[in-house]
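See structure below.
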Amino acid sequence: MDLKNKALFATQSLIGGTWSDADSGATFAVTNPANGDVVAEVADCGRAEVARAVDIAYDAQKGWAAMLASERQKVLMRWHDLIIANADDLAAIITAEMGKPLAEAKGEVVYGASFIEWFAHEAPRIYGDTIPQHQADKRIVVLKQPIGVVGSITPWNFPVAMITRKVAPALAVGCSVVARPAELTPLSATALAVLAKEAGFPDGVFNVVTGADASEMGKELCENQKVRKITFTGSTRVGRILMKQCAEDITKVSLELGGNAPFLVFDDADIDAAVEGAIISKYRNAGQTCVCANRIYVQAGVYDAFAEKLAAKVSEMKVGPGTEEGVNIGPLISEPALKKVREHLEDATAKGAEILIGGTQPNLGGTFFNPTVMTGATQDMLIAREETFGPVAGLFKFETEDEAVAMANDTEFGLAAYFYTRDLGRSWRVGEALEYGIVGLNTGLISTQVAPFGGVKQSGIGREGSKYGTDDFLEIKYLCMGGV
Ligand code: ADP
C-alpha cells in the first residue's frame, strides 16, 4: 500500500487518545483477500482493553455532552473534511484489507463521510418539547439527552461507512464511543481514528479497540454497566447473541442485521432500467451487502427477455483485484464466503436451476468468483432462504402480483426490497405490502445519509441516517416542574 499520508497506517488501538498495543503485546494478521498477503500485524486487544476504553469513555462523555452542540458540530465537520481530504488513501486501505474495487472504495469513503456531515448538522437541532400542563401549578418540559457510552460493533463489508453511520450520530448528540471494528478490516477503523484525533475530539470520546476475539470483546461491551447502548451491524445470528447479552442490564440495542432482499420485475416495467437496477443491487461489493438483491422474481411475460439482458450485461463485467483499472468485481472476503456461494450454486443446480452465465471461478485463484445468473430458481433452494453474499443471481418466475408479494415476504428477514413497475396503483399496493424497512421502487440503489436505513422482522431494530438517526442515541427525559 502506497499511501500519501503515511500516518493513516495505524496498527494500534486508540484508547483515551493514546495509541496502545495489546496488554499482552500480541498482534493478529490482516490479509489482503486479493492475494493473501499480510497487510499488517494489528494490536490484538481483548476484554481488559475494552473495559479500560469504556472506563475512559465514561469519564470523557460528560465533558463532551456539556460542550455546546455547535462546538461538537465543528469537531465533526473537521473530521469530515479530513476524511474527504484523505479519501484516496482511505480507499486504498479499504481495498487492501477488504478487496472491493478502488472506485467503490472511494465511493464508500464519500458515503461514509456524508454521515458525519449530516449528523454534524443535526447536532444543534436536537429539540426537546413543552407539553400543556395537566395541573395549573405545573409545567412540563421534555429534554433529549445523550444515552451515554456507546459500544459499536461493525462488519468488514463497509469498513469505513458502517462505523461512521453509527458513531457520527452518537458523537453528534454527546455520547462517547468504544468502537470494535471487524477483525478482517481494522485498518480502516484505525485510519478513521487517526483523523478523529487530528480533528480534535477530546481524548476518550472516540476509542477504537482492535482485536481478533470478537466474542470476548462483545461480551465486555454488552455486560459492562457503563455501556448504555450497543449498536451493531452484522448477521442476525450474532445480533441475537448480543441482544441476549444485553438483556441482563437492559442495555439498549440498535441492530442492522441480515437481509434476503427480493427484487421484483413486473410485466409493465422498463426492463432495461430493471436490468440496470439489478446489476447495481446484486453485484455491488461483489454481492456482499445486506441490501443486495438476493432473489430476483420476474413476471412470466418478461422473464426470458430480462434473463437474456441481465446475462448480457453481466458478461461485460470484469473480475480482478480491486486495485486494477476497470474491475467491477473484486475477490470475496474469505474462503468460507466462497464456500457458501458454491453451496448455494450446487444446491440450486441440483434442484433444477440452470446457469446462464458464470458459475465458475476465473483463473485468478483465491476467492474470486465470476458473476453468475441462474434461471429456474425456486423457493425451496438455499438461495431463496439465506443471503448468498456473493455475485450470484437466481431468477424466479411468477405469474401474479399477489404471488410475487407472497414469495417476497416469505422470509424471516425484512431489510430491503426492490420492485420495478410503471403502474401507479401497483406501485402503492406493492410498496405498502412488502414487509421491509426499505423499499426501492424503480431503483436498485437506496442508501443515502438523508433517509432512514434499517430493517423489520429479524433484520433488526432501529434506524441509521436521516432525521431519525439520532433517536437511537438519545433518552427522553420528562421534567415536571411544580409550584409555579
Ligand atoms: P458477517 O457475516 O458480516 O461477518 P458477523 O455477524 O459474523 O457478520 O460479524 C459482524 C461483526 O460482529 C464482526 O466484527 C465480527 O467480528 C463480530 N462478531 C462476531 N461474533 C461476535 C460475538 N459473539 N460477539 C460480538 N461480536 C461478534
Open item on the list: Pull out all pairs, ordered by first then second residue, where Cβ-Cβ is under 7 Å, the residues are six or more apart or on different chains, the first lies in the stretch 244-259 and is buried (at least 19 other Cβ atoms within 10 Å of the Cβ) and part of a loop (DSSP other than H, G, I, E, B), and the second is of a type in the set (Val, Ile, Thr) and at pLDDT 95 or above.
Closed with: THR251/VAL227; THR251/ILE230; LEU257/THR236; GLY258/THR236; GLY259/VAL291
Task: Qualifying positions in the stretch 328-341 - out of contact with any Lys or Arg (no Cβ under 9 Å at 6 or more places or on another chain), surrounded by 15 or more Cβ atoms within 10 Å (Cβ to Cβ) and not in a loop (DSSP other than H, G, I, E, B) - done: ALA337, LEU338, LYS340, VAL341
- [ ] Among the residues of the stretch 108-144, write down those that are farther than 29 Å from ALA168 by Cβ and not β-branched (Val, Ile, Thr).
- [x] PRO132, GLN133, HIS134, GLN135, ALA136, ASP137, LYS138, ARG139
Open item on the list: I'd like the residue in the stretch 382-400 that is of a type in the set (D, E, K, R) and within 24 Å of ALA300 (Cβ to Cβ) and, out of all such residues, is nearest to the ligand (Cβ to nearest atom).
Closed with: ARG385
Open item on the list: Can you pull out every residue in the stretch 280-305 that is within 14 Å of VAL265 (Cβ to Cβ) and either within 16 Å of the ligand (Cβ to nearest atom) or touching a Pro at 6+ places or on another chain (Cβ under 9 Å) (or both)?
Closed with: LYS282, ALA293, ARG295, ILE296, TYR297
- [ ] Could you tell me whether any residue of the stretch 389-399 is touching a strand residue (DSSP E or B) at 6+ places or on another chain (Cβ under 8 Å) and farther than 16 Å from VAL265 by Cβ?
- [x] yes
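Looking at the stretch 142-174 only, could you name the residues that are more than 16 Å from the ligand (Cβ to nearest atom) and either free of Cβ contacts under 8 Å to residues at least 12 places away in the same chain or not in a loop (DSSP other than H, G, I, E, B) (or both)?
Those that are more than 16 Å from the ligand (Cβ to nearest atom) and either free of Cβ contacts under 8 Å to residues at least 12 places away in the same chain or not in a loop (DSSP other than H, G, I, E, B) (or both): VAL142, LEU143, LYS144, GLN145, PRO146, VAL149, ALA168, PRO169, ALA170, LEU171, ALA172, VAL173.
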TODO: Just name the residue that is farthest from the ligand (Cβ to nearest atom) out of those in the stretch 183-200 that are part of a loop (DSSP other than H, G, I, E, B) and surrounded by fewer than 24 Cβ atoms within 10 Å (Cβ to Cβ).
DONE: GLY200
Open item on the list: Based on this model, can you work out whether VAL177 counts as within 16 Å of the ligand (Cβ to nearest atom) and part of a helix (DSSP H, G or I)?
Closed with: no
- [ ] With the checklist (1) of a type in the set (A, V, I, L, M, F, W, C); (2) assigned to a helix (DSSP H, G or I); (3) in contact (Cβ under 8 Å) with a residue 24 or more places away in the chain in hand, flag the one item ALA312 doesn't pass.
- [x] (3)
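Answer yes or no: is there a residue in the stretch 437-445 that is among the polar types (S, T, N, Q), under 20 Å from the mean Cα position of the chain (by Cα) and closer than 26 Å to GLY330 by Cβ. If you could, list the steps in order and put the result at the bottom.
Taking the stretch 437-445 as the starting set, the residues that turn out to be among the polar types (S, T, N, Q) are 442-443.
After this cut, where a residue has to be under 20 Å from the mean Cα position of the chain (by Cα) as well, the list is 443.
Of the ones still in play, those that are also closer than 26 Å to GLY330 by Cβ are 443.
Yes, that holds for at least one residue.
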Open item on the list: Take the residues in the stretch 201-241 that are in a loop (DSSP other than H, G, I, E, B) and within 8 Å of the ligand (Cβ to nearest atom); name whichever of them is nearest to ILE15 (Cα to Cα).
Closed with: GLY234
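Residues in the stretch 287-294: is at least one in contact with a Ser or Thr (Cβ under 8 Å, 6 or more places away or on another chain), outside any loop (DSSP other than H, G, I, E, B) and among the β-branched types (Val, Ile, Thr)?
No.
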Open item on the list: If a residue must be under 17 Å from GLY99 (Cβ atoms) and not in a loop (DSSP other than H, G, I, E, B), how many such residues does the stretch 347-373 contain?
Closed with: 0
Task: Residue pairs meeting the criteria (Cβ under 8 Å; at least 6 apart or on separate chains; first within 21 Å of THR323 (Cβ to Cβ) and crowded, with 18+ Cβ neighbours inside 10 Å, in the stretch 26-47; second at pLDDT below 95 and small (Gly, Ala, Ser)) - done: PRO33/GLY366; ALA34/GLY366
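The values are calculated or read from the model by the stated rules, or taken from the named source; none is laboratory data. As the structure is a computational prediction, the values presented were derived from the model and not from experiment. With ideal geometry, Cβ positions are generated from the backbone for all residues, glycine too; neighbour counts draw on all protein chains shown.
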